[in-house]
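A quick write-up on the structure given underneath.
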Amino acid sequence: MVEPNKVTRLSELLSAAAHAHHDATGGPDHDWANWYARFLEHEMEPSLGIDPSVDDMASLLRIAADKHRDETDHLPWPSYYAELILETLENEAERSG
């Protein structure tokens, strides 16, 4: 079970990434997931105690976006993405640990 405060913190980081991305690009960007992952790269470990690679994070962001669109686009995306990403990383750590 993912800690609610971690979901909240990652949700906040994702929202900050979205604002920074919009300011930097001014519009649609097909490479948004990589941009977000690079933005989050130095924030994840100190804020959440996790350190996924940029490639892994970008992949998780794309998966979260697809699932959100296909399953439940009525929920706020930052919280949805945060929970899915943290659950996935937690499950991977349990399998490898």
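As a summary of the residue check, residue 47 satisfies the conditions (1) buried (at least 17 other Cβ atoms within 10 Å of the Cβ); (2) among the polar types (S, T, N, Q); (3) modelled with pLDDT under 95 except for the one numbered (1). Scanning segment 48-97 for residues that are in a helix (DSSP H, G or I), of a type in the set (S, T, N, Q) and either farther than 16 Å from residue 11 by Cα or free of Cβ contacts under 8 Å to residues at least 24 places away in the same chain (or both) yields 59, 91, 96.
Within segment 27-47, if we keep just the residues that are acidic (Asp, Glu) and either assigned to a helix (DSSP H, G or I) or under 11 Å from the mean Cα position of the chain (by Cα) (or both), the residue that is farthest from residue 92 (Cα to Cα) turns out to be 41. Looking across segment 50-97 at every residue that is surrounded by 13 or more Cβ atoms within 10 Å (Cβ to Cβ) and hydroxyl-bearing (Ser, Thr, Tyr), the one that is nearest to the chain's Cα centre (by Cα) is identified as 81.
Being surrounded by 15 or more Cβ atoms within 10 Å (Cβ to Cβ) and assigned to a loop (DSSP other than H, G, I, E, B) is a property that residue 7 lacks.
The values are calculated or read from the model by the stated rules, or taken from the named source; none is laboratory data. Because the structure is a prediction, the values reported are computed rather than measured. Note: ideal-geometry Cβ built from the backbone for every residue, glycine included; neighbour counts use all protein chains shown.
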